[in-house]
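Have a look at the structure below, then the notes.
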Amino acid sequence: MSDGEHKYWYNLETKQVEFGMISQSIDRVGPFDTEAEAANAPETMKARSRAWADEEAAESGWDEGKG
């Protein structure tokens, strides 16, 4: 068994936390060490996406003029 079998995943389709790689890979994100981390996956993904967008904007000079 791979390490993912002993981790928590968030299913994007059902909006449920799963233990192990139950659903299709296209429907799940993770792995997470705890059930709570997996349950918070949507918020984690939004925060990381915002951080990456902000970083890209800063590196590209898109954020110039922000006050």
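Counting only alpha carbon atoms, the long axis of helix 41-60 and the longest principal axis of the chain meet at about 30°. Note that the chain, at 10 °C in a medium of 1.306 mPa s, gets a Stokes-Einstein diffusion coefficient of 119 µm²/s from its Kirkwood radius over C-alpha pairs. Net charge of the neighbourhood of GLU43, taken over other residues with C-beta under 14 Å away and scored Lys/Arg +1, Asp/Glu -1, is +3. What the phi angles of segment 30-37 give under the Karplus curve with 6.51, -1.76 and 1.60, with θ = phi - 60°, is a coupling list of x, x, 10, 6, 10, 5, 5, 4 Hz, glycine and proline written as x.
Distances between placed amide hydrogens fall under 5 Å for GLN16 paired with ASN11, all partners being 5 or more residues away or on another chain. GLN24 sits among other residues whose Cβ lies under 14 Å from its own Cβ, and their net charge, with Lys and Arg +1 and Asp and Glu -1, is -2.
Across segment 8-17, rounded Karplus estimates of 3J(HN,Hα) from the backbone phi angles (6.51 cos²θ - 1.76 cosθ + 1.60, θ = phi - 60°) give 9, 10, 10, 8, 5, 6, 8, 6, 10, 7 Hz, Gly and Pro being marked x. Each peptide among 31-39, 48-56, 6-14 gets the average number of other Cβ atoms lying within 10 Å of its residues, and from highest to lowest they stand as 6-14, 31-39, 48-56.
With contacts taken as Cα pairs under 8 Å and at least 6 residues apart, the chain reaches a relative contact order of 25 percent.
Each reported figure results from applying straightforward, stated rules to the coordinates on display, with no laboratory input. It should be emphasised that the depicted structure is a prediction, and the values quoted were computed from it without experimental measurement. Every residue, glycine as well, gets a Cβ built from its backbone with ideal geometry; the counts of neighbours run over all protein chains shown.
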